[in-house]
Amino acid sequence: MNSQAAEYPGADADVVWRSLVFPAGYQNPTPADRYNLVVIGAGPAGLITAIAAAGLGAKVALIEKHHMGGDCLNVGCVPSKTLLAGATDGIGFERTMARMRAVRAAISQHDSVQRYRDAGVDVFLGAAKFLDASRVQVGAQTLTAKKFVIATGARAFVPPVPGLAEHALSNESIFELRKQPQRLAVLGGGPIGCELAQAFARLGTEVHLIEMQSRVLPIEDEAASPAVQSALLVDGVQLHLDTKVTAVEAAGVGKRLQYAPVDGGATASLDVDVVLAAVGRQRNVDGLGLEAAGVRFDRRSGIEVDSRLRTSMRHIFAAGDVCSRYQFTHGGCTRASWCANALFMGRARVDQLAGAVVHLYQA
Ligand SMILES: Cc1cc2nc3c(=O)[nH]c(=O)nc-3n(C[C@H](O)[C@H](O)[C@H](O)COP(=O)(O)OP(=O)(O)OC[C@H]3O[C@@H](n4cnc5c(N)ncnc54)[C@H](O)[C@@H]3O)c2cc1C
């Protein structure tokens, strides 16, 4: 174990995890003259597209700017579900976080740079940007391809509340906590806010969940809200519905929130150790050169696609959270497998659901 690995419980697992999904000192390959397919983003949607296309015999390049595996493996489904499981098992904060790191490192093998290279995919680490409709730049290299898939996902949306951007954590930083917060404010009662509120409450943190609508899971089926709300209350989560946060500031080593009823009324304040922003997702469309490629998009709804996942440029496709209304791993993977299908052999359409499960588990 090296000195970095001794710093916190599970640090040795983090060393393994990083070496698999974003290896230090990795040298990008020399690009092929022309790829059949370049995939941008190595989250679930990009990974499935790349490996399925390579399996069909295509010459494929995959470009990732952070970690192979995307949100799901690194800062989403895997760490959040492991946190919830550890909290439910009652093993305490430190052991739960160490277990989460160990599980993430173990699963990383499947999404690793090496696995994709072994499958015949040219993996490039760095940020991709379209130069025009047939060329993408990554670092100093230019990749030319016949077809492209954009699978750049989404990230936490931080609304313009004064102080929130400086003082709040998101799903990208919450799993890096080394010390258990005694008091946590979670902004947003969607699936991410609810599950993290529940996990921390079960770990013994005092949790305040603040939601502007009158129910948690405000965009899900109405029947789900009372069930989830009751479970949260049983776990000791303090719910502040119909409530908006108006400002966040530093207060000693912690944070102070100002909040008020949405329909007006007195402002109150709340002191906590940590604030988590989980109020929605923002599509990763900026800095990609979509204008240069002629790909139509909207900052809120993402890249426009038809039922075959084609963008406004017929040879450029999109899959996953960057273009989907339903931002879930299984949805992204299923559509991505159709995407490879549509590129190379079929006329698969996302509005034809038959076969989805088969596609999902193939890669
Ligand atoms: C806390 C949390 C818990 C979740 N739990 C679940 C769950 O239990 N079940 C479920 O189904 N879903 C869950 N999700 C949602 C799931 O993580 C996403 O739906 C899924 O990761 C989307 O996959 P994707 O491939 O579209 O995008 P992402 O996973 O976001 O991957 C996109 C990748 O593209 C890369 N990228 C972006 N721009 C560029 C660029 N210019 N160049 C190169 N690379 C780029 C990013 O670095 C990223 O790695 C959860 C999400 C969060 C945040």
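Tell me which helices (runs of 4 or more DSSP H) are completely within the range 6-80 and hold 3 or more residues being among the polar types (S, T, N, Q), more than 14 Å from residue 111 (Cα to Cα) and not assigned by TED's automatic domain parsing to the domain that holds residue 288, or say none if there are none. Break it down into steps so the answer makes sense when it comes.
Values: elements: 11-21, 44-55, 70-75.
Per the criteria, no element qualifies.
So in the range 237-255, with the set limited to residues that are in contact with a helix residue (DSSP H, G or I) (Cβ under 9 Å, 6 or more places away or on another chain) and loosely packed, with under 15 Cβ neighbours inside 10 Å, which one is nearest to residue 210 (Cα to Cα)?
Filtering the range 237-255 for residues that are in contact with a helix residue (DSSP H, G or I) (Cβ under 9 Å, 6 or more places away or on another chain) and loosely packed, with under 15 Cβ neighbours inside 10 Å, the one nearest to residue 210 (Cα to Cα) comes out as 249.
Among the residues of the range 52-84, what is the count of those that are of a type in the set (A, V, I, L, M) and either modelled with pLDDT under 95 or away from the ligand (no atom under 14 Å from the Cβ) (or both)?
First pass over the range 52-84, keeping only residues of a type in the set (A, V, I, L, M): 52-54, 56, 58, 60-63, 68, 73, 75, 78, 83-84.
After this cut, where a residue has to be either modelled with pLDDT under 95 or away from the ligand (no atom under 14 Å from the Cβ) (or both) as well, the list is 52-54, 56, 58, 60.
Final tally of qualifying residues: 6.
Restricting to the range 29-58, name every residue that is touching an Asp or Glu at 6+ places or on another chain (Cβ under 8 Å) and either more than 24 Å from residue 289 (Cβ to Cβ) or buried (at least 16 other Cβ atoms within 10 Å of the Cβ) (or both).
Restricting attention to the range 29-58, the residues satisfying the condition of being touching an Asp or Glu at 6+ places or on another chain (Cβ under 8 Å) are 29, 31-32, 35, 41-43, 45-47.
Scanning the range 29-58 gives 31, 35, 41, 42, 43, 45, 46, 47.
Considering (1) within 12 Å of the ligand (Cβ to nearest atom); (2) among the aliphatic types (A, V, I, L, M); (3) free of Cβ contacts under 8 Å to residues at least 12 places away in the same chain, say which one residue 47 fails and leave the rest.
Result: residue 47 passes all but (3).
Could you check the range 124-134 and list, in sequence order, the residues that are not in a loop (DSSP other than H, G, I, E, B) and not acidic (Asp, Glu)?
Applying the first criterion (not in a loop (DSSP other than H, G, I, E, B)) to the range 124-134 yields 124-125, 128-132.
Passing the criteria: 124, 125, 128, 129, 130, 131.
Just need a number here: residues in the range 176-192 that are surrounded by fewer than 24 Cβ atoms within 10 Å (Cβ to Cβ) and out of contact with any Ser or Thr (no Cβ under 8 Å at 6 or more places or on another chain).
Of the residues in that region, 6 qualify.
Matching residues to (1) of a type outside the set (D, E, K, R); (2) assigned to a helix (DSSP H, G or I); (3) under 20 Å from the mean Cα position of the chain (by Cα):
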| residue | (1), (2), (3) |
| --- | --- |
| 136 | yes, no, no |
| 155 | no, no, yes |
| 179 | no, no, no |
| 189 | yes, no, yes |
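Of the numbered conditions (1) farther than 18 Å from residue 177 by Cβ; (2) under 24 Å from the mean Cα position of the chain (by Cα), residue 36 fails exactly one; give the number of that condition.
With (1) farther than 18 Å from residue 177 by Cβ; (2) under 24 Å from the mean Cα position of the chain (by Cα) applied to residue 36, the lone miss is (2).
Which of the residues that make up the range 225-266 are at pLDDT below 95 and under 20 Å from residue 195 (Cα atoms)?
None - no residue of the range 225-266 is at pLDDT below 95 and under 20 Å from residue 195 (Cα atoms), so the list stays empty.
Looking at the range 273-302, which of the residues that are among the small types (Gly, Ala, Ser) and in a loop (DSSP other than H, G, I, E, B) is farthest from the chain's Cα centre (by Cα)?
Step one: of the range 273-302, the residues among the small types (Gly, Ala, Ser) are 277-278, 280, 287, 289, 292-294, 301-302.
So of that shortlist, the ones also in a loop (DSSP other than H, G, I, E, B) come out as 278, 280, 287, 289, 294, 301.
On the way: 278: 12, 280: 11, 287: 18, 289: 21, 294: 26, 301: 16 Å.
Step by step, filter the range 273-302, then rank; the result is 294.
Look at the range 151-163 and say how many of its residues are over 25 Å from residue 72 (Cβ atoms) and either crowded, with 17+ Cβ neighbours inside 10 Å or within 14 Å of the ligand (Cβ to nearest atom) (or both). Quick ask: steps written out before the conclusion?
The first filter runs over the range 151-163 and keeps only residues over 25 Å from residue 72 (Cβ atoms), leaving 160-163.
Applying the additional criterion that residues be either crowded, with 17+ Cβ neighbours inside 10 Å or within 14 Å of the ligand (Cβ to nearest atom) (or both) yields 161, 163.
Counting residues in the range 151-163 that are over 25 Å from residue 72 (Cβ atoms) and either crowded, with 17+ Cβ neighbours inside 10 Å or within 14 Å of the ligand (Cβ to nearest atom) (or both) gives 2.
Collect the residues in the range 206-254 that are in contact (Cβ under 8 Å) with a residue 60 or more places away in the chain and either in contact with a His (Cβ under 9 Å, 6 or more places away or on another chain) or of a type in the set (Ser, Thr, Tyr) (or both), keeping them in residue-number order.
208, 246, 248, 249, 250
Could you tell me whether any residue of the range 288-310 is within 19 Å of residue 208 (Cβ to Cβ), among the β-branched types (Val, Ile, Thr), in contact with a Cys (Cβ under 9 Å, 6 or more places away or on another chain) and surrounded by 15 or more Cβ atoms within 10 Å (Cβ to Cβ)? Before you say what the answer is, go through the steps one by one.
Restricting attention to the range 288-310, the residues satisfying the condition of being within 19 Å of residue 208 (Cβ to Cβ) are none.
Scanning the range 288-310 turns up no residue that is within 19 Å of residue 208 (Cβ to Cβ), among the β-branched types (Val, Ile, Thr), in contact with a Cys (Cβ under 9 Å, 6 or more places away or on another chain) and surrounded by 15 or more Cβ atoms within 10 Å (Cβ to Cβ).
It is to be established whether one or more residues within the range 91-113 are under 22 Å from residue 54 (Cβ atoms), more than 15 Å from the ligand (Cβ to nearest atom) and in a helix (DSSP H, G or I).
Just the residues of the range 91-113 that are under 22 Å from residue 54 (Cβ atoms), to begin with: 107-113.
Remaining after also requiring more than 15 Å from the ligand (Cβ to nearest atom): 109.
Still in the list and also in a helix (DSSP H, G or I): 109.
Looking for residues that are under 22 Å from residue 54 (Cβ atoms), more than 15 Å from the ligand (Cβ to nearest atom) and in a helix (DSSP H, G or I), one finds at least one in the range 91-113, hence yes.
I want to confirm something. Restricting to the range 138-150 and keeping residues that are exposed (fewer than 15 other Cβ atoms within 10 Å of the Cβ) and assigned to a strand (DSSP E or B), which single residue is nearest to the ligand (Cβ to nearest atom)?
By that ranking, first place goes to 142.
The values are calculated or read from the model by the stated rules, or taken from the named source; none is laboratory data. Bear in mind the structure is a predicted one, so any value in this text is a computation, not a measurement. Virtual Cβ from ideal backbone geometry, glycine too; neighbours counted across all protein chains shown.
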